[in-house]
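Working notes for the structure below.
Bear in mind these aren't lab numbers, they're just calculated from the coordinates by the rules spelled out. Please read all numbers here as calculations on a predicted model, not as lab measurements. Don't worry about glycine lacking a Cβ; one is built from the backbone with ideal geometry, like all the others, and counts go over all protein chains shown.
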Amino acid sequence: MALLEVTGIGKRFGSTHVLEDISLSLEQGEALAIIGSSGSGKTTLLRCLNFLETPDAGRIVVDGETLWDAADPATHKESEKRKKRLHFGLVFQNFNLFPQYTALQNIMLAGELLAKERPDYKQNRRQIHDQLEQKARGLLAQMGLSDRADHYPHQLSGGQQQRVAIARALALEPDILCFDEPTSALDPELTGEVLRVLRDLAAHKTTMIIVTHEMAFARDVADRILFMDGGVVVEEGPARQVIDHPREERTRRFLANYNT
């Protein structure tokens, strides 16, 4: 059984169909790249998976658990959304770090909020904090940012901020790590440092969905590529096959704009 099964997802904004009958699956340790032009529905799909948007149709299953089924009202409870989001770690285009917190504090924050709900929090507060800090410092080291732990976002470059955002997403140990154009807000000279982190995560078999416009990266790093256009899946297959030998004319026209 695949780790993630998405079946027939649909989403409308008013009379506009943004997603139509989107289905995909993802195995444990697999990296899926989603490509397509602006407005094709890529970001909306990620937001539906993270329950930042509510799908109008379809089903989302993670590790055998049905998180959303449009036909089952029992899966629609607003109170369950935060719990469901823990299955997915989302790294946004524009970092979304809290400016009043240091890099270390940004990474620890979500874990601390969750820890406060534990019945043993007051009794073990110091121990829990120390464990969260140790984990956060380990993630900063993994991102090559050990010396930036006490820096605030405005003291970090764009590439460093995005690496902190990746560490923050990893801190909660999600089943699936999602990236929404993680290099689009970066200057070209900073793009490489974030892509190197993604390459390392893929090499360590981190389960990922990456919305990206970096075609060479998608071809070389992703296991599979899904091409979207007009809110539908046009083509899906092994990364090099889709990039080097696309079957569909719409895919070929899209890729013609990139030097891969």
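Some values worked out for this structure:
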{"item": "Cleavage-rule hits, GluC sites (Glu not before Pro), the stretch 1-49, DSSP coil, Cβ neighbours within 10 Å at most 16", "result": "GLU27"}
{"item": "Enclosed volume per residue, in Å³, of the convex hull spanned by Cα atoms of the chain", "result": "141"}
{"item": "Stretchable slack from LEU86 to SER23, in nm (0.36 nm times residue separation minus alpha-carbon distance)", "result": "20.6 nm"}
{"item": "Positive dipole terminus of the chain, leading residue within LEU140, GLN123, SER23 (C-beta point charges)", "result": "GLN123"}
{"item": "Qualifying GluC sites (Glu not before Pro) in the stretch 39-130, DSSP loop, other Cβ atoms within 10 Å at most 15", "result": "GLU117"}
{"item": "Cβ-defined net charge surrounding VAL211, 9 Å radius [Lys, Arg +1; Asp, Glu -1]", "result": "-1"}
{"item": "Max mean-square fluctuation residue, GNM over the chain, Cα-Cα springs under 10 Å, options ALA74, ALA165, ALA136", "result": "ALA74"}
{"item": "Estimated inter-spin distance, ARG247 and ASP147, nm [label 7 Å along Cα→Cβ]", "result": "5.1"}
{"item": "Between helix 103-115 and the chain: long-axis angle, C-alpha atoms, 0 to 90°, nearest 10", "result": "90"}
{"item": "Net charge of neighbours whose Cβ lies under 12 Å from the Cβ of GLY10, counting Lys and Arg as +1 and Asp and Glu as -1", "result": "-1"}
{"item": "Percentage relative contact order, the stretch 169-260, counting C-alpha pairs under 8 Å, at least six apart", "result": "22"}
{"item": "Subset of LYS135/LYS205; LYS84/LYS116; LYS83/LYS116; LYS81/LYS135 violating a 23 Å alpha-carbon distance limit", "result": "LYS81/LYS135"}
{"item": "Chain lengthening between GLU65 and GLU78 when straightened (0.36 nm per residue, less Cα-Cα)", "result": "3.0 nm"}
{"item": "Overall Cα dimensions of the stretch 58-132 - principal axes, largest extent first, Å", "result": "44, 35, 21"}
{"item": "Modelled FRET efficiency - R0 25 Å, ARG12 with LEU114, Cβ distances, 0.05 increments", "result": "0.15"}
{"item": "Pair GLU189, SER157: separation of 7 Å Cα→Cβ label points (nm)", "result": "0.7"}
{"item": "Additional length obtainable on full extension of the chain from ALA256 to GLN127, 0.36 nm per residue less Cα span", "result": "40.9 nm"}
